[in-house]
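Novice: The structure follows.
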Amino acid sequence: MSVISQGLNDYIKANSSDDDRYKINDIIIHTFAWNSFDFGLLTVTIGVSAKLTTTIDSTSSIHYYNMTVQGQILKGLFDLSLINIEEVPESLLQKETILSLFGMENITSDNIEKKAEELYSQLCSDIHINKEHKYWLPVIDIKEKYGMKLWPADLPDNCFGQLYLLPSAATIYDPANIYKPYPDKPIPRGAILLNRRYYINEIDPDDIITTAHELSHWSCHQLYFLIMMLLEDGFDAMSCTTDPIILDDKMTSKEKAYFYAEWQANELSIRVAMPKHLVEKAIVDYEKDHGNILHDGFYYQNMIYKLSWDFNVSKEIMKKRFRQLGYDYADGTFLTVDD
């Protein structure tokens, strides 16, 4: 508020004549929206109103301003400076949404495939793709590239995976010896824990999608994490659970932001694990090898079965990806009725 107040005083003084001086009162912040976040430097635009009273006849009026402010956020919002100020009509105050308030991109059905392709390219850049598993998301290479850790761990039954945002401790396992626990081992920031039950076949093998979910969080939600850590003590991990989160108007702003972060990671995960261009290439490869076979229901069911192996995901997930991409012939495959 002190930065805003000083900025308004300087702006109004610079734009007033000697015969037209004002006193500023009742400064109100109406909206807050992030613009950019780079190396800890956060740039936001704030919609502000102020009551200006003339020093000549004491008449007053309300004025509105969009103010752009920068500051470091890694250890709290500090070292603030005013970058720009613009007086506007009230109708043109900077708009605020849950996404703009909590530092998240506006991802929609119109741009999600493009966003997933960009994220896949970012994660897999400078990684040599194994020719034997050319369609697999190279999880091990990605975590090594970013210096992240990934372990099986004891997690609640309804929790597929967790992404740690701060150093912590947990009971983890070596994937080579899944029955030997390492209790209370230090967990660094950026560690991904996957439910150990994946590795002993107690739950469906969804580890690729769960890992892609956590990598999507890590790549897209760093600013969201920092904002939540400022607002909420103990916010140190994101959990991927089986429990559905339903958006409700009764939710608090923080609860709505958590919903959007989880929704984005859920929707990106399957698309990052199976990006559109690779699915289309895999379909073409399959058709080259099976082009002389009757294209009936068995053909398409076998295609999805084969591609589920190619992408190292379940048949159900592969079918879902086909449907997302508009391949209607997937609808009749791998039907489940009454469990």
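The values are calculated or read from the model by the stated rules, or taken from the named source; none is laboratory data. Just so we're clear, the structure is a prediction, and the values are computed from it rather than from any experiment. Neighbour counts are summed over all protein chains in view; Cβ atoms, including those assigned to glycine, are modelled from backbone coordinates with ideal geometry. With ligands, DNA and RNA removed, areas are computed over all heavy atoms of the protein, side chains included. Shrake-Rupley method; radii C 1.70, N 1.55, O 1.52, S 1.80 Å.
Novice: Just to be sure I understand the filter: pairs with C-beta atoms under 9 Å, separated by 6 or more residues or on different chains, first member in the range 132-155 and more than 18 Å from ALA176 (Cα to Cα), second member acidic (Asp, Glu) and surrounded by fewer than 16 Cβ atoms within 10 Å (Cβ to Cβ). Which pairs pass?
Specialist: Listed by first residue and then by second, the contacts come to LYS145/ASP126.
Novice: Can you tell me which residue among ASP10, ASP38, ASP57, ASP26 is open to solvent by 80 Å² or more (accessible area, probe 1.4 Å) and under 30 Å from the mean Cα position of the chain (by Cα)?
Specialist: Numbers: ASP10 fails: under 30 Å from the mean Cα position of the chain (by Cα); ASP57 fails: under 30 Å from the mean Cα position of the chain (by Cα); ASP26 fails: under 30 Å from the mean Cα position of the chain (by Cα).
Step by step, each of ASP10, ASP38, ASP57, ASP26 is checked, and only ASP38 is open to solvent by 80 Å² or more (accessible area, probe 1.4 Å) and under 30 Å from the mean Cα position of the chain (by Cα).
Novice: Would you be able to say whether some residue in the range 172-180 is in contact with a helix residue (DSSP H, G or I) (Cβ under 8 Å, 6 or more places away or on another chain), closer than 23 Å to TRP309 by Cβ and open to solvent by 70 Å² or more (accessible area, probe 1.4 Å)?
Specialist: We begin by selecting, within the range 172-180, every residue in contact with a helix residue (DSSP H, G or I) (Cβ under 8 Å, 6 or more places away or on another chain); these are 173, 178.
This time we only want the ones that are closer than 23 Å to TRP309 by Cβ, so: 178.
Among the residues that remain, those that are also open to solvent by 70 Å² or more (accessible area, probe 1.4 Å) are: none.
No.
Novice: Next question, about the same structure. Could you please find all residues in the range 310-339 being closer than 17 Å to HIS277 by Cα and either open to solvent by 60 Å² or more (accessible area, probe 1.4 Å) or among the polar types (S, T, N, Q) (or both)?
Specialist: Answer for the range 310-339, where residues must be closer than 17 Å to HIS277 by Cα and either open to solvent by 60 Å² or more (accessible area, probe 1.4 Å) or among the polar types (S, T, N, Q) (or both): ASN312, LYS320, ARG323, GLN324.
Novice: Another question, then. So TYR120 passes all but one of these: (1) open to solvent by 20 Å² or more (accessible area, probe 1.4 Å); (2) under 17 Å from the mean Cα position of the chain (by Cα); (3) over 30 Å from LEU325 (Cα atoms). Which condition number does it fail?
Specialist: Against the list (1) open to solvent by 20 Å² or more (accessible area, probe 1.4 Å); (2) under 17 Å from the mean Cα position of the chain (by Cα); (3) over 30 Å from LEU325 (Cα atoms), TYR120 comes up short only on (3).
Novice: I've got another one for you. Could you say which residue among PRO138, PRO167, PRO188, PRO183 is over 22 Å from PRO275 (Cα atoms), open to solvent by less than 80 Å² (accessible area, probe 1.4 Å) and of a type outside the set (Asp, Glu)? Reasoning before the result, please.
Specialist: Working: PRO138 fails: over 22 Å from PRO275 (Cα atoms); PRO167 fails: open to solvent by less than 80 Å² (accessible area, probe 1.4 Å); PRO183 fails: open to solvent by less than 80 Å² (accessible area, probe 1.4 Å).
Within the list PRO138, PRO167, PRO188, PRO183, the selection yields PRO188.
Novice: What number of residues within the range 175-202 satisfy the criterion of being in a loop (DSSP other than H, G, I, E, B) and either over 26 Å from the mean Cα position of the chain (by Cα) or at positive phi (or both)? Steps first, answer last, please.
Specialist: So the first thing to find is which residues in the range 175-202 are in a loop (DSSP other than H, G, I, E, B), and the list is 175-176, 188-191, 199-202.
Now drop any that are not either over 26 Å from the mean Cα position of the chain (by Cα) or at positive phi (or both), which leaves 175-176, 190, 199-202.
Within the range 175-202, residues that are in a loop (DSSP other than H, G, I, E, B) and either over 26 Å from the mean Cα position of the chain (by Cα) or at positive phi (or both) number 7.
Novice: Conditions: (1) open to solvent by 40 Å² or more (accessible area, probe 1.4 Å); (2) assigned to a helix (DSSP H, G or I). ILE209 meets all but one. Number of the miss?
Specialist: With (1) open to solvent by 40 Å² or more (accessible area, probe 1.4 Å); (2) assigned to a helix (DSSP H, G or I) applied to ILE209, the lone miss is (1).
Novice: Separate question: Take the conditions among the polar types (S, T, N, Q), under 19 Å from HIS30 (Cβ atoms) and within 15 Å of the chain's Cα centre (by Cα) and apply them to SER100. Does it pass? First the steps, then the outcome.
Specialist: Values: among the polar types (S, T, N, Q): yes; under 19 Å from HIS30 (Cβ atoms): yes; within 15 Å of the chain's Cα centre (by Cα): yes.
So SER100 fits the description; yes.
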